[in-house]
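Peer 1: Submitted below is the structure of interest, expressed as structure tokens.
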Amino acid sequence: MDEAEALVDRIVEHNFPHPKRKQTWMFRIRWQGCDESEDTWLPFKEVNPLAAFETYLSEHKEIKL
């Protein structure tokens, strides 16, 4: 687990401007020990390797990879 992985609390939202183009997908990250005012939007390529992403996918069956 890298340092960034340890800081991610969970993924709280997603935005797919172009649903068929994963490079446009964005995910709002909630950081451990931070409130929602410090959430950050990260692209699919950065979120994809995170364990939190697997959890998010299991909660959002509508997301098709």
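Read the figures in this text as sums done on the coordinates, not as results from a lab. It should be emphasised that the depicted structure is a prediction, and the values quoted were computed from it without experimental measurement. All Cβ positions, glycine included, derive from the backbone under ideal geometry; neighbour counts span all protein chains shown.
Peer 1: What full-extension length gain, to one decimal in nm, is calculated for residue 51 and residue 10 as 0.36 nm per residue of separation minus the Cα-Cα distance?
Peer 2: So the extension gain works out to 13.8 nm.
Peer 1: For residue 22, what is the net charge nearby, where nearby means another residue's Cβ is under 11 Å from its Cβ and Lys, Arg count +1, Asp, Glu -1?
Peer 2: +4
Peer 1: Here are several values of Cα extents along the principal axes in Å: [x] 39, 20, 14; [y] 41, 32, 11; [z] 33, 24, 19. Which one was derived from the coordinates shown?
Peer 2: Entry [z].
Peer 1: Placing +1 at every Lys and Arg Cβ and -1 at every Asp and Glu Cβ, with all other atoms neutral, what dipole size does the chain have around its Cα centre, in debye to the nearest 20?
Peer 2: The dipole magnitude comes to about 600 debye.
Peer 1: Report the extension gain between residue 21 and residue 59 in nm, rounded to one decimal, defined as 0.36 nm multiplied by the number of residues separating them, less their alpha carbon distance.
Peer 2: Full extension from residue 21 to residue 59 adds 11.6 nm.
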